[in-house]
Amino acid sequence: MKVLLYTPASDAASWLHDFTHALPEAELREWQAGDTAPADFAIVWRPPREMLAGRKGLRAIFNLGAGVDAILALEREYPGTLPREAQLVRLEDTGMARQMAEYVTHAVLRYLRRFDEYETLQAERRWKVLEPHSHSTFTVGVLGLGVLGTHVARTLAVLGLPVRGYSRSARQIEGVTTYAGEANFEAFLSGVKVLVNLLPHTPDTHDVLNRRTFSKLAQGAYLINVARGAHLVEQDLLDALAQGQIAAATLDVFRKEPLPADHPFWQEPRITITPHSSAETLREESVPQVARKIMALARGEPVSGVVDIERGY
Ligand code: NAP
Ligand code: GLV
């Protein structure tokens, strides 16, 4: 069994080392430009088109992340990049759900307890008690109830906050009021105080965080975007902040990453920026999951986490 690896990460050698140990019977090699030799499986993060296009005999491509938007964008731009017979398999959780829950819970509590405003007051050396937000109307709406969104929604529900969730198909989660499908999108948004985005980026969800979406939320709502930058219409957020429709935002992902030094978001004190670090791909949890699935496919068994290319996630 031959396995190809490609990751632009600086720790590519460590990935190769760990996969070699996890798959002792496989022949692993790091893909280099010009390598067209046969392979049964590919393990990739943001691969160059030449690595996959026209390759025959590949049975599955393992994406070293939860989101497959980059690899599917390549396929949309250059149809035929993904070998037809190869399944595309994404990471499922591998420690990301826990990291997301920590990140989102921190951001929600920061806004609930007005720490963002106390930080400003401290910088001005002002001693002032702010009126607490009402716990019972501090409704958190989670867009996307997949592996990550479900864990985040459950974690927030434990705090006793009103939590809503939105997905394509109907989901049931204890302690969470769920909404499904476009017909229920406005009902989901109506009165939400903190909107958390954990949707995959697909043609259907592109630009979903826009002026119209913001206008349905509670006045002075908060936005937490931890999914993809292409979900957010950036000027609409700046306008909504200027109008007070949005009080503050925590953004982990951006249309252009790294966020350019002259981007207006850096100048906006109500926007908190982190560098796409809310949930990282953890090697120690990802290698065993991918290795287990490669061995299952090699035995002819099905695996979970297979991407529906048409649906886009
Ligand atoms: P997932 O398990 O595939 O869940 C996706 C969820 O979104 C599902 O509930 C799905 O609905 C829903 N959905 C998809 N399209 C929709 C639409 N048009 N309308 C309504 N709901 C829709 O994905 P995941 O593992 O939770 O990951 C979610 C995303 O997080 C990834 O795609 C990635 O972009 C992002 N992410 C970011 C980071 C970071 O560091 N910032 C790290 C990891 C992941 P159904 O349940 O009906 O299918
Ligand atoms: C990171 O953004 C991922 O999709 O895993």
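The values are calculated or read from the model by the stated rules, or taken from the named source; none is laboratory data. Computed from a predicted structure; not experimentally measured. No Cβ is skipped: glycine too gets one built from the backbone with ideal geometry, and neighbour counts run over all protein chains shown.
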Query raised in the report: So residue 43 fits all but one of (1) hydrophobic (A, V, I, L, M, F, W, C); (2) in contact (Cβ under 8 Å) with a residue 24 or more places away in the chain; (3) more than 19 Å from residue 296 (Cβ to Cβ); what number is the exception?
Result: (3)
Report task. Filter the stretch 219-236 down to the residues that are away from ligand 2 (no atom under 16 Å from the Cβ) and out of contact with any strand residue (DSSP E or B) (no Cβ under 9 Å at 6 or more places or on another chain), then identify the one that is nearest to residue 108 (Cα to Cα). Result -> 234
Query - Contacts under 7 angstrom Cβ, first residue in the stretch 276-291 being over 18 Å from residue 89 (Cα atoms), partner near ligand 2 (Cβ under 8 Å from one of its atoms) and at pLDDT 95 or above, 6 or more apart - result: 276/253; 279/96
Report summary line: With the first residue restricted to the stretch 83-98 and required to be touching a residue at least 40 places away in the same chain (Cβ under 8 Å) and of a type in the set (D, E, K, R), and the second required to be within 11 Å of ligand 2 (Cβ to nearest atom) and part of a strand (DSSP E or B), Cβ contacts under 8 Å at 6 or more apart or on different chains are 90/63
**Report entry** Selection count where residues are in contact with a strand residue (DSSP E or B) (Cβ under 8 Å, 6 or more places away or on another chain) and within 13 Å of residue 287 (Cβ to Cβ), scope the stretch 13-36
**Finding:** 7
Query raised in the report: Considering only the stretch 188-205, how many residues are within 13 Å of ligand 1 (Cβ to nearest atom) and either surrounded by fewer than 16 Cβ atoms within 10 Å (Cβ to Cβ) or among the polar types (S, T, N, Q) (or both)?
Result: 5
Query raised in the report: Looking at this structure, is residue 181 under 17 Å from residue 205 (Cβ atoms), buried (at least 17 other Cβ atoms within 10 Å of the Cβ), of a type in the set (Gly, Ala, Ser) and within 13 Å of ligand 1 (Cβ to nearest atom)?
Result: no
Query raised in the report: Can you pull out the residues in the stretch 1-39 that are part of a loop (DSSP other than H, G, I, E, B), surrounded by 17 or more Cβ atoms within 10 Å (Cβ to Cβ) and more than 27 Å from the chain's Cα centre (by Cα)?
Result: 23, 26, 39
Query - Residues of the stretch 91-105 that turn out to be surrounded by fewer than 22 Cβ atoms within 10 Å (Cβ to Cβ) and over 16 Å from residue 286 (Cα atoms), as a count - result: 4
Query raised in the report: Can you name every residue in the stretch 289-313 that is within 16 Å of ligand 2 (Cβ to nearest atom), among the β-branched types (Val, Ile, Thr) and in a helix (DSSP H, G or I)?
Result: 290
Requested in this report: Name the residue, out of 141, 149, that is assigned to a helix (DSSP H, G or I), crowded, with 22+ Cβ neighbours inside 10 Å and touching a residue at least 40 places away in the same chain (Cβ under 8 Å).
Outcome: 149
Report task. Evaluate the following for residue 235: is it assigned to a loop (DSSP other than H, G, I, E, B) and polar (S, T, N, Q)? Result -> no
**Report entry** Condition broken by residue 245, with the remaining ones in (1) under 15 Å from residue 69 (Cβ atoms); (2) surrounded by 17 or more Cβ atoms within 10 Å (Cβ to Cβ) satisfied
**Finding:** (1)
Query raised in the report: Within the set of pairs 6+ apart or on separate chains, which have a first residue in the stretch 50-74 that is touching a residue at least 12 places away in the same chain (Cβ under 8 Å), a second that is part of a strand (DSSP E or B) and among the polar types (S, T, N, Q), and C-beta atoms under 7 Å apart?
Result: 60/87; 71/63
Requested in this report: Tell me which residues, restricted to the stretch 68-85, are among the acidic types (Asp, Glu) and part of a loop (DSSP other than H, G, I, E, B).
Outcome: 85
Query raised in the report: Condition test on residue 51, is it touching a Phe, Trp or Tyr at 6+ places or on another chain (Cβ under 7 Å), outside any loop (DSSP other than H, G, I, E, B), of a type outside the set (Lys, Arg) and farther than 25 Å from residue 301 by Cα?
Result: yes
